Each structure stands twice: as structure tokens, then as C-alpha cells.
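Single-structure report; data block below.
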Amino acid sequence: MLKRSTILAFLTLCMACATLKAEDLDVAPVVREGTAWYDAANWDVEGQCWKDVERHFARCPARAKGVIPEGVWANSQHSAGLITRFRTDSTSISVKYKLYSPNLAITLMPATGVSGLDLYVLHNGKWCWVACTKPDAQEATQILVSGMTNEMKEYMLYYPLYNGIDQLEIGVPEEAHFFAMAPRKEKPVFYYGTSITNGGCVSRPGNAFTAMLGRRLDLPVINFGFAGSARMEPELAKLIIEMDPAIFVLDALPNMSPQETATRPIPFIQILRDAHPETPILLVEDRSFSNSYLLPDVAATHKARREGLKKAYEHFIALGDKNIYYLSAENLLGEQLDYDSTMDASHPNDLGMYRMTDSLEKVLRPILKK
């Protein structure tokens, strides 16, 4: 007769197999002192477009170095928008990580947003926040959460916004079940933008508007935000066309001068359109500085930038392009409600990111349903 322990082990294995999903991946851990550590480099990260990268969790391919502008390349080493997905019945989750840069925080943004890892769980059909690391060193081991119930749950772990990850392991007790999950297969929303898209200046990665859009739309989002370096250069367009997204969103105006917006959008968009004749393209005006109502020169710059982008939009409309769309800056950050949505008049705080997500979601949902 089989021993009771053998039967229990068999039943446990059967229960684990019954919970398998198509996107589950077989990843072996390294066990240290009773904790099973799963190296996130052993399965694909969501939000990453290329695998031929110089650093494992970078956003641009190694072959782009020296081709795309230097500022774009430097910012592409940040892990903004990258997500590791997994499922576990563990009552606790730990992380062991090494950050790319020792600079854990910046003037307007705390270490939790710049360098933090942010954990979400699928709870009652909705993505809900669980915990965020508290970065105090370039390399650390931290317990993210403990004391949870032991039913199987699905998680997303958001990577740092203004720092990168060189090493990441996810730890659970040795007896817990853990399934790495492949990135979702749906076509992503591809969002090209500035430091705001990069995540400046939220308190933690899950509050970036690209992250919130991903959860609301239930779609992968490619964060192609480059602080101070989004200027619609043709080299970027030629790189972007390698993607096949559900939509291209272009939000580069905050980094561009009126002279650049008068000349660069049409050639940039044309490169995208030649490669992707039917893919929707959404053009987004630059958000207004929250104090621009007091500053005539700033308001005039906003107006000039938008005129250049609007002319590009009208150019493609005149050519018969039925898949190009335009989002005005009006009330993008809740200007009609108050002026409390930014850290420094320019970069959204958490409230601003929430309001920006509202504005973008209203435009994106009907486009994506077509």
C-alpha cells in the first residue's frame, strides 16, 4: 500500500497541475536556506521589444547604440514599463535585486518611483496594488509582502522607472508553487514620449500613466519614454517600425521646440505610415504647464508647438488617412478642475498621472475596438 505521505504528495502535485495555464513556464529555482529563488532573467519580460540587448532588461537593441541619439540610448537603459508576470500560492514574496545605477532618487522623484519594484495582484478580476520595495541600496534583498492567504494568485511586478535592473530574483518558501508567466500575446499599445512617459514624477512605478493604461485596457503597453530626449528623430522612427502594435501613440511635444514641431512630425509619421499603412496613430498635444495661465511666454510656446503637430495631423487627413487621431491638451491633466496635478508645473504627480490616464483611456478605447 502507498504511504499516506506519498498519497498527499501525489494529490498536491495533481492540484498544482490543475492550475496550470497556457502561459505558464517551467522555470527551476535555486533554493537557499528554505527559500526558492526564481531568476527573472530565465523568462521573457513583458514590455520589452527586443531581445538583442546590451543589458538583459534594457529597452533598445544593442545595434541601436551609436545610431539613435545618445540621450535616447542612455534612457533606454532604464527599465520603465517592463513587467515580470508570475503566479504563486505563496504566503510571502521576497525580491533580491541589483540596480543598474547607484543613484536611487532624483530631485523631484522618490527612490520608490525611480528605483522601486512595484507588485500588483489580480484580485476579483481587478489589478490591485500589493507592495513596493523601499530602495536604500543599489543591491538588496527585501520581503515585499508576507502573511497572505495561500490560494493561487496572479501577479505583475513593475520594474523601476528611472533606473534599471541588472539582476532580479523572486523568492518564495521552498514548499510554495510558483509558475513564471510568459508576456501576453495581444498586440501592445506603443507609447513614445518624454520624461512624463518615462514615469516622471510618480511615487512608484505602478502609478505611471502607461502602467495604469495597461491595467485598465488589459493590454501590454510598450513604454518608449526618454527623459528630455523625445524629439521625433528619423532614426527613432526607423527603429519603432520594427514593432507591430495595436496603436502608435506619439507624445513628444514637451521635448520639442516650436521649430522642431514645424518640421519633424510629418517625416516621422510618414516613416511609420509607410511601414504600417493601417495601424492607428494617435498624436497627443503637450500638457500645459500648470502655471502657464500666469506665464504668457510659456503659453505661447505651447500654442506654437501644437500648431506644428496639428498641421501634421491635417496633412495626413488631407491624404485620406483614416487611421490617424488627435488628442488635444485641453484638460489633459484636469486643468478645468484645479492646478494640482504636477510636481513642478511640468511633470505629473500621482494625481496628474491618474487624470492623464482618464483622458487617454477615453480616446484609446474606441480606437482599439475598431
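The values are calculated or read from the model by the stated rules, or taken from the named source; none is laboratory data. Computed from a predicted structure; not experimentally measured. Neighbour counts run over all protein chains shown; Cβ positions are idealised from the backbone, glycine included. Remember, those area values only see protein heavy atoms, side chains included, never the ligands or the DNA or RNA. Shrake-Rupley method; radii C 1.70, N 1.55, O 1.52, S 1.80 Å.
Criterion first (in contact with a Pro (Cβ under 8 Å, 6 or more places away or on another chain) and either open to solvent by 60 Å² or more (accessible area, probe 1.4 Å) or polar (S, T, N, Q) (or both)) does Thr261 satisfy it? Even if it seems obvious, please write down each step before you answer.
Working: in contact with a Pro (Cβ under 8 Å, 6 or more places away or on another chain): no; either open to solvent by 60 Å² or more (accessible area, probe 1.4 Å) or polar (S, T, N, Q) (or both): yes.
No: the conditions fail for Thr261.
Restricting attention to region 109-131, which residues are touching a Leu at 6+ places or on another chain (Cβ under 7 Å) and among the hydrophobic types (A, V, I, L, M, F, W, C)?
Selection gives Ala111, Val114, Leu117, Leu119, Val130, Ala131.
Give the residues of region 275-291 that are open to solvent by less than 20 Å² (accessible area, probe 1.4 Å) and either assigned to a helix (DSSP H, G or I) or of a type in the set (Lys, Arg) (or both), sorted by residue number.
Scanning region 275-291 gives a single hit, Arg287.
Is at least one residue of region 302-312 free of Cβ contacts under 8 Å to residues at least 24 places away in the same chain, in a helix (DSSP H, G or I) and closer than 25 Å to Lys187 by Cβ?
No; the residues of region 302-312 include none that is free of Cβ contacts under 8 Å to residues at least 24 places away in the same chain, in a helix (DSSP H, G or I) and closer than 25 Å to Lys187 by Cβ.
For the structure I just gave you, tell me whether Thr112 is open to solvent by less than 10 Å² (accessible area, probe 1.4 Å), modelled with pLDDT of 95 or more and either in contact with a Pro (Cβ under 8 Å, 6 or more places away or on another chain) or β-branched (Val, Ile, Thr) (or both).
Details: open to solvent by less than 10 Å² (accessible area, probe 1.4 Å): no; modelled with pLDDT of 95 or more: yes; either in contact with a Pro (Cβ under 8 Å, 6 or more places away or on another chain) or β-branched (Val, Ile, Thr) (or both): yes.
No; evaluated as a whole, the condition is false for this residue.
Check whether at least one residue in region 266-274 is touching a residue at least 60 places away in the same chain (Cβ under 8 Å), surrounded by 16 or more Cβ atoms within 10 Å (Cβ to Cβ) and more than 12 Å from Tyr192 (Cβ to Cβ), and report yes or no. Step through it out loud before you land on a result.
At the first step, the residues of region 266-274 found to be touching a residue at least 60 places away in the same chain (Cβ under 8 Å) are none.
No, every residue in region 266-274 fails to be touching a residue at least 60 places away in the same chain (Cβ under 8 Å), surrounded by 16 or more Cβ atoms within 10 Å (Cβ to Cβ) and more than 12 Å from Tyr192 (Cβ to Cβ).
Of these, Val72, Val67, which one is under 17 Å from the mean Cα position of the chain (by Cα), over 30 Å from Glu154 (Cβ atoms) and either of a type outside the set (Phe, Trp, Tyr) or surrounded by fewer than 17 Cβ atoms within 10 Å (Cβ to Cβ) (or both)? Steps first, please.
Numbers: Val67 fails: under 17 Å from the mean Cα position of the chain (by Cα).
Within the list Val72, Val67, the selection yields Val72.
Report those strands (runs of 3 or more DSSP E) wholly inside region 1-90 carrying at least 2 residues which are modelled with pLDDT of 95 or more and under 30 Å from Lys238 (Cα atoms). Step through it out loud before you land on a result.
Details: elements: 30-32, 35-39, 83-88.
By residue number, 83-88.
Under the condition of being without any contact (Cβ under 8 Å) to a residue 12 or more places away in the chain and in a helix (DSSP H, G or I), which residue from region 314-357 is farthest from Pro277 (Cα to Cα)?
My answer is Glu314.
Of the conditions (1) outside any strand (DSSP E or B); (2) more than 17 Å from the chain's Cα centre (by Cα), Gln142 satisfies every one except a single condition; which number is it?
The failed condition is (1).
Filter region 150-203 down to residues that are part of a strand (DSSP E or B) and among the hydroxyl-bearing types (Ser, Thr, Tyr) and give me whichever is surrounded by the most Cβ atoms within 10 Å (Cβ to Cβ).
In the first step, residues of region 150-203 are kept if they are part of a strand (DSSP E or B); the result is 153-158, 165-173, 178-181, 189-193.
If we keep only those that are among the hydroxyl-bearing types (Ser, Thr, Tyr) as well, we get 155, 158, 191-192.
Numbers: Tyr155: 22, Tyr158: 28, Tyr191: 26, Tyr192: 23.
Applying the filter and picking the extreme gives Tyr158.
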